[in-house]
Amino acid sequence: MNIPFNSKLPNVKTTIFTVIGKLATEYNAINLSQGFPDFNTSKELIDLVNISMLKGNNQYAPMPGIYSLRQAISQKIENLYGVTYNPETEITITAGATQAIFTAIAACIKKDDEVIVFKPAYDCYEPAIDLFGGKTIAIQLDPEGFKIDWQKVKKLISAKTKMIIINTPHNPSGRVLSYDDMIQLEGLLKNTNILLLSDEVYEHIIFDGEKHQTAALFPELAERAFITFSFGKTFHNTGWKLGYCIAPAELTKEFRKVHQYNVFSVNHPIQVALTNYIKSPHNYLELSSFYQDKRDLFLSLIKNSRFEFLPSTGTYFQLLNYSKITEEYDYDFSLRLIKEKKIASIPISVFNKNNYDTKVLRFCFAKKNETLKKAADVLCAI
Ligand SMILES: Cc1ncc(COP(=O)(O)O)c(C=O)c1O
């Protein structure tokens, strides 16, 4: 380009998911990199979408989403957590959680505002903060247990802190925040004007009897929180890009100011289908045991490999430490695994502060059992 152009995001490159996904296809590798299932979403849901389209729900949906879906979400939240979100003023349907997260950041972050982010972190937070002139204050979690040191967080809170972003269950670590974590966070934020963005897209993928500690359960958190969810993660259809954001009315009002000029509204026929589908709780309540079986299968198959691991307690990701195998930088090792062993994973340094390398790769186990078996055979031979 001959026109001098000063990029707003000079450090942003093509995401790791695109890079690895392309290589995985090129080398015909078993792909456990990006977080999506290799099995189909339910036929019942596909049929509901077809019916919805045939019935003519093919024009713009209302800006905040169709009311019946917001009502069904409100009911679901009430049934699960015993808290009430008003469908009229506190729930907005979005184009996946990514758009919800972007919109919440866009609505709140101004130049020089500080946002505390825990690393490793999902990769869409920081570019959005940058775009609006904010500053990411990254806290690197220790790779052994990924525990948050709340005293450290307290020290980093300043007059400029505008928002804290949490993610539970956590991608990529597979750890979950405990009740005690949420109480500590509540204690820190009480009597401050700091906002909370709580990314809870894996709300229904939580193992070993752990309970999801949504920010909605903690009054001092809920009053300042945008909480984001993803239907794609819950119903095995990440390609449909539908999700939602719940937040108190004042915050939702600001959220919608951005939303209406960003996407205005999102996929109408699928909203109608989801309204019916989420009315049956088994469609999401069985998800934890479904994925726990996959986690257990995968881990039992690789237990004699040279990879080391702590079983994931949530999400459909499993971290594997390869330090007994090689000293290589995780990025290089992940590329070599694709090219030489035909298996794709994500090096977690890409989610870390300053690309800190801990010799750990992330594997997605949202795959057919036969895919997991093939992957395990490869991993055991490394
Ligand atoms: C932690 C986290 N947040 C948000 C998203 C984005 O969700 P969606 O596909 O609904 O935009 C993902 C997807 O991988 C994720 O892992």
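How about region 5-43: which of its residues are touching a strand residue (DSSP E or B) at 6+ places or on another chain (Cβ under 9 Å), open to solvent by 40 Å² or more (accessible area, probe 1.4 Å) and not charged (D, E, K, R)?
25, 27, 31, 34, 36
Being of a type in the set (D, E, K, R), under 19 Å from residue 103 (Cβ atoms) and in contact with a Cys (Cβ under 9 Å, 6 or more places away or on another chain) narrows it down to one residue among 254, 200; which is it?
254
When you go through (1) in a helix (DSSP H, G or I); (2) closer than 30 Å to residue 131 by Cβ; (3) open to solvent by less than 50 Å² (accessible area, probe 1.4 Å) one by one for residue 61, which number turns out not to apply?
So the condition that residue 61 fails would be (1).
Quick check: is even one residue across region 220-236 open to solvent by less than 10 Å² (accessible area, probe 1.4 Å) and in contact with a Lys or Arg (Cβ under 8 Å, 6 or more places away or on another chain)?
Yes, region 220-236 has at least one match.
Given 119, 76, which one is in contact (Cβ under 8 Å) with a residue 40 or more places away in the chain, open to solvent by less than 50 Å² (accessible area, probe 1.4 Å) and within 16 Å of the ligand (Cβ to nearest atom)?
Exactly one of 119, 76 is in contact (Cβ under 8 Å) with a residue 40 or more places away in the chain, open to solvent by less than 50 Å² (accessible area, probe 1.4 Å) and within 16 Å of the ligand (Cβ to nearest atom), namely 119.
Please go through (1) open to solvent by 50 Å² or more (accessible area, probe 1.4 Å); (2) within 16 Å of the ligand (Cβ to nearest atom); (3) not basic (Lys, Arg) for residue 82 and return the number of the only condition it doesn't satisfy.
(2)
Among the candidates 101, 129, single out the residue that is at pLDDT 95 or above, away from the ligand (no atom under 13 Å from the Cβ) and not polar (S, T, N, Q).
None of the others qualify; the one that does is 129.
Quick one: in region 238-272, which of the residues that are open to solvent by 10 Å² or more (accessible area, probe 1.4 Å) and in a loop (DSSP other than H, G, I, E, B) is nearest to residue 53 (Cα to Cα)?
267
Quick one: in region 140-169, of everything that is β-branched (Val, Ile, Thr) and buried (at least 17 other Cβ atoms within 10 Å of the Cβ), which residue is farthest from the ligand (Cβ to nearest atom)?
The extreme case among them is 161.
Which one of these is in contact with a strand residue (DSSP E or B) (Cβ under 7 Å, 6 or more places away or on another chain), modelled with pLDDT of 95 or more, away from the ligand (no atom under 15 Å from the Cβ) and more than 19 Å from residue 166 (Cβ to Cβ): 224, 256?
Testing whether each residue is in contact with a strand residue (DSSP E or B) (Cβ under 7 Å, 6 or more places away or on another chain), modelled with pLDDT of 95 or more, away from the ligand (no atom under 15 Å from the Cβ) and more than 19 Å from residue 166 (Cβ to Cβ) leaves just 256.
Can you spot a residue in region 304-314 that is touching a residue at least 60 places away in the same chain (Cβ under 8 Å), open to solvent by 30 Å² or more (accessible area, probe 1.4 Å) and part of a helix (DSSP H, G or I)?
no
Within region 322-363, can you find the residues that are assigned to a helix (DSSP H, G or I), more than 21 Å from the chain's Cα centre (by Cα) and surrounded by 17 or more Cβ atoms within 10 Å (Cβ to Cβ)?
Within region 322-363, 330, 331, 333, 334, 335, 337, 338 qualify.
Here's a check for you: in region 170-208, which residue that is of a type in the set (Phe, Trp, Tyr) and either in contact with a Pro (Cβ under 7 Å, 6 or more places away or on another chain) or in a helix (DSSP H, G or I) (or both) is most open to solvent (accessible area, probe 1.4 Å)?
179
Out of curiosity, is residue 107 open to solvent by 10 Å² or more (accessible area, probe 1.4 Å), over 21 Å from residue 130 (Cβ atoms), part of a helix (DSSP H, G or I) and in contact (Cβ under 8 Å) with a residue 12 or more places away in the chain?
no
The values are calculated or read from the model by the stated rules, or taken from the named source; none is laboratory data. Since we're looking at a predicted model, the values are computed, not measured. Positions of Cβ are generated from backbone atoms using ideal geometry, with glycine treated the same way; all protein chains shown enter the neighbour counts. SASA here: full protein model, heavy atoms, side chains in, ligands and nucleic acids out. Shrake-Rupley method; radii C 1.70, N 1.55, O 1.52, S 1.80 Å.
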